[in-house]
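Student: Sharing a structure, written as structure tokens. Questions coming.
The values are calculated or read from the model by the stated rules, or taken from the named source; none is laboratory data. Note that the structure is predicted; figures quoted are calculated from it, not measured. Neighbour counts run over all protein chains shown; Cβ positions are idealised from the backbone, glycine included. Side chains are part of the model used for accessible areas, which takes the heavy atoms of the whole protein and leaves out ligands, DNA and RNA. Shrake-Rupley method; radii C 1.70, N 1.55, O 1.52, S 1.80 Å.
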Amino acid sequence: MKRERLDKVLANMGLGTRKEVKALVKQGAVVVDGVVANDPGMHVVAEEQEILVDGEPLNYKRWVYVLMNKPPGVISATEDSMHETVVDLLPYEWAIKVHPVGRLDIDTEGLLLLTNDGQLSHSLLSPKKKVEKEYFARIDGRVTEEHVAAFAKGVELEDFTTLPAKLEILSSGENSEIRVTIMEGKFHQVKRMFAAFGLHVSYLQRVRMGPLHLDPSLEPGEYRELTEEELTMLQQHVKGNQ
Ligand code: URA
């Protein structure tokens, strides 16, 4: 458990800027373990101590894990000068802390994890861990068993050859619907894998990352915290994939 300055904890919870939360403390609005705090610089262990602000308990969580159904049209970044970002969709107290774990293209939808747990994020993205990413896609053109076989061998792209990928045809015709599972997460990877066969991806949605599935009850743009069970599964998954 980490000892931190009270004003830092309060600011991280979205209660205001450092200056504003200092003023809150000076006004006597903050009570720590039953005693009115008068020093914004006092050290607290926020997870352990009882902190009340205007009589309301502060529900402090050091680590935040958010599962989002990313909508199209927003960028997977913490800030961007042109477009809205995934972080802009979140409440302030989460937005100031988290970063997206990897990137989905602006037009890609689906499962995106956001967290301030740098270690977990690093592990999930590490090529060594080979965490599976599964996508649903609509393809302009006919996807055939030849593509399935080629994906299973790994697809040669300009800068690298992908690891074997599992391609499953859901429907095939003038347009096709497929599911594909890849183990890397290179820039535009799925689109480039199909482009290598002259095929265009018209819709792309991530449905799974390792053991974590997109929650069908989340509409695009909606999000929720990971459950304890999901978090444990993710942590064990990256531990197991050494
Ligand atoms: N592959 C892509 O081409 N785009 C994404 O957003 C994710 C995987």
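Student: How big is the charge dipole of region 132-209 about its Cα centre, in debye rounded to the nearest 20, if each Lys and Arg gets +1 on its Cβ and each Asp and Glu gets -1 on its Cβ?
Tutor: 260
Student: Probe of 1.4 angstrom, ligands and nucleic acids ignored: what's the accessible area per residue over the chain, in square angstrom? Display every interim value, and only then the final one.
Tutor: On the way: 12870 Å² over 242 residues.
For the chain, the solvent-accessible area averages 53 Å² per residue.
Student: A follow-up question, please. Taking only Cα atoms of region 4-57, what ratio of Rg to Rh do you get with Rh as the Kirkwood inverse-distance radius?
Tutor: 0.89
Student: To continue, here is another question. On alpha carbon coordinates alone, what is the Rg over Rh value for the chain, Rh being the Kirkwood radius?
Tutor: 1.10
Student: Still on this structure, I have one more. Which value results when the Cα radius of gyration for region 151-242 is divided by 2.2 N^0.38 Å?
Tutor: Computed over Cα atoms of region 151-242, the ratio equals 1.27.
Student: Assign unit charges at the C-beta atoms only (+1 for Lys and Arg, -1 for Asp and Glu), then state the dipole size of the chain relative to its Cα centre in Debye, rounded to the nearest 20.
Tutor: The calculation lands at about 760 debye.
Student: If you roll a 1.4 Å probe over region 51-175 with all protein chains in place, what percent of the accessible area is carbon or sulfur?
Tutor: On the way: 3100 of 6500 Å².
Here it works out to 48 percent.
Student: OK, next. Could you please put ILE182, ILE96 in sequence from largest to smallest accessible area, using a 1.4 Å probe?
Tutor: ILE96, ILE182
Student: Which of ALA196, THR161, SER176 sits farthest toward the positive end of the charge dipole of the chain, with +1 on the Cβ of Lys and Arg and -1 on the Cβ of Asp and Glu?
Tutor: Farthest along the dipole direction, towards plus: THR161.
Student: Using a 1.4 angstrom probe on the protein heavy atoms only, line up ILE178, ILE75, ILE106 by accessible area, largest first.
Tutor: ILE106, ILE75, ILE178
Student: Output the relative contact order of the chain, whole-number percent, from Cα pairs under 8 angstrom with separation of 6+ residues.
Tutor: Working: 460 pairs, mean separation 46.0, N = 242.
Across the chain, relative contact order equals 19 percent.
Student: So what is the calculated 222 nm ellipticity per residue for the chain, using -39500 (n - 2.57) for each DSSP H run with n of 4 or more, over all residues, to the nearest 500 deg cm²/dmol?
Tutor: Computed ellipticity for the chain at 222 nm equals -6500 deg cm²/dmol.
Student: On to the next question. What's the extension gain from GLU79 to LEU218 if we count 0.36 nm per residue and subtract their Cα-Cα distance?
Tutor: 47.7 nm
Student: Ordering PHE160, PHE151 from largest to smallest accessible area (1.4 angstrom probe), what's the sequence?
Tutor: If we order PHE160, PHE151 from most to least accessible, we get PHE160, PHE151.
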